Amino acid sequence: MIKQYLDLGVQNLLIPMVNSAAEAEAAVAATRYPPQGVRGVGSALARAARWNRVPDYLNRANSTISVTVQIESTAAVEAVEAILKVDGVDAIFVGPSDLAASMGLLGQQEHAEVRAAVEHCLKAAKAAGKPAGVNAFNPDTTRHYLANGAEFILVGADVALLARGSEALAAKYIKPVDGGTPTGY
């Protein structure tokens, strides 16, 4: 799957559910041509090489790919320092919702233990000299993670923004049948 995306021209990958250094190494290897990795060579057919029109593509391609791995489990938090040491892992992105679920705290991404695990990952990334990002839809949590080392942050999701915008438009123009507030559209 990674090869297919790279052949289409993708240069920045966000790899979910990386739980160990070995999984991080496998993710990076999938993005690199041999001997540094296992990416299949088919650049003459690949859009990424503009169908073999990018000079020296095979020798340069490895250096044009950015790999960010997602830290989304207690196992990943425990291994974050080792994951960050993997050559080719350019950044980490922490997913508090999946992390909370793996901690037995489903739906509680604001829980103190989850926040502490996120902060641990942010500190580890800073110590490793690599950027770290995180999901934080709550404005106070966003500010907290930014103050604690997050270098990039997801503050909204496209589907949620589209849904809330659509709901606002519908509420503006569609009158509820019973005179109350509509519960759905």
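The values are calculated or read from the model by the stated rules, or taken from the named source; none is laboratory data. Quick caveat: nothing in here was measured; it's all calculated off a predicted structure. Ideal geometry is used to build each Cβ from the backbone, glycine not excepted, and the neighbour counts take in all protein chains shown. Each accessible area value is taken on the protein alone, full model and side chains, heavy atoms only, with ligands, DNA and RNA left out. Shrake-Rupley method; radii C 1.70, N 1.55, O 1.52, S 1.80 Å.
Table for the structure above
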quantity	calculated
Residues in the stretch 26-55 that a label on T64 would reach, taking backbone N under 11 Å of a point 7 Å out along Cα→Cβ	47-55
FRET efficiency estimate (nearest 0.05) - Cβ-Cβ, A22 to A112, R0 41 angstrom	0.85
Inter-site label distance for A29 and N138 at 7 Å from Cα along Cβ, in nm	4.0
Solvent-accessible surface (1.4 angstrom probe) belonging to K172, in square angstrom, nearest 10	130
The chain, helix-only ellipticity at 222 nm - DSSP H runs n ≥ 4, -39,500 (n - 2.57), divided by all residues, nearest 500	-12500 deg cm²/dmol
5 angstrom amide H check on R39, placed H, neighbours 5+ away	R32, Y33
Which label in (i) 164; (ii) 135; (iii) 125 gives the computed volume of the Cα convex hull per residue in Å³	(i)
Percent carbon-and-sulfur accessible area, the stretch 84-144, ignoring ligands, DNA and RNA, probe 1.4 Å	52
Accessible area expressed per residue, the stretch 18-147, with surrounding protein chains retained (probe 1.4 Å, Å²)	49
